[in-house]
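The values are calculated or read from the model by the stated rules, or taken from the named source; none is laboratory data. None of the values given here were measured: they were computed from a predicted structure. Here the Cβ is made from the backbone with ideal geometry for all residues, glycine too, and neighbour counts use every protein chain on show. What goes into the accessible areas is simple: the full protein's heavy atoms, side chains included, and nothing from ligands, DNA or RNA. Shrake-Rupley method; radii C 1.70, N 1.55, O 1.52, S 1.80 Å.
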Amino acid sequence: MASDDGLAIHYTALERGTPVISSDGVQVGKVVEVLDNYREHIFDGLVIETSSGERRFVDAPEVERTAERAVTLNITAAECAQLGPPPRQRQAVGGALRRLLGRRR
């Protein structure tokens, strides 16, 4: 758990730009998208953007904690560097509803 990441929150409350911290305390990126199985309300993972601008997919089991000011992972920064790109054709949380209502992040 990060030292001052705020209160724990549900994954659907995560905001774009929230810092993502590895298990060894390194900021490895920021949240770009939260992915879930919309119909079953199951958290699939996060798309993060690294400081170099690369997008990587963090699978749900690698997310230790979602909080107001940070996401903490249970993998190290070195392991994060090995993560692959985000999957195609996945639905972001509320994606269809946001498109219907014209809301963009």
Could you please find all residues in the range 56-76 being touching a residue at least 60 places away in the same chain (Cβ under 8 Å), open to solvent by 30 Å² or more (accessible area, probe 1.4 Å) and β-branched (V, I, T)? none
Taking the stated definitions as given, is R55 closer than 28 Å to D4 by Cβ, modelled with pLDDT under 95 and of a type outside the set (A, V, I, L, M)? no
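Residue by residue through the range 8-33, note down the ones that are closer than 12 Å to T66 by Cβ and not aliphatic (A, V, I, L, M). Reasoning before the result, please.
First pass over the range 8-33, keeping only residues closer than 12 Å to T66 by Cβ: 8-15, 18-21, 31.
Across the range 8-33, the qualifying residues are H10, Y11, T12, E15, T18, P19.
Please go through the range 17-55 and pick out each residue that is of a type in the set (D, E, K, R) and open to solvent by less than 40 Å² (accessible area, probe 1.4 Å).
In the first step, residues of the range 17-55 are kept if they are of a type in the set (D, E, K, R); the result is 24, 30, 33, 36, 39-40, 44, 49, 54-55.
Hits for the range 17-55 are D36, D44.
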Report yes if V26 is in contact with a Leu (Cβ under 9 Å, 6 or more places away or on another chain) and on the phi < 0 side of the Ramachandran plot, otherwise no. no
Considering only the range 76-96, I want to know if a residue exists there that is more than 12 Å from the chain's Cα centre (by Cα), at pLDDT below 95 and part of a helix (DSSP H, G or I). yes
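Within the range 55-62, is there a residue that is closer than 13 Å to P86 by Cα and among the aliphatic types (A, V, I, L, M)? If you could, list the steps in order and put the result at the bottom.
To start, the set of residues in the range 55-62 that are closer than 13 Å to P86 by Cα comprises 55-60.
After this cut, where a residue has to be among the aliphatic types (A, V, I, L, M) as well, the list is 58, 60.
Within the range 55-62, one or more residues are closer than 13 Å to P86 by Cα and among the aliphatic types (A, V, I, L, M).
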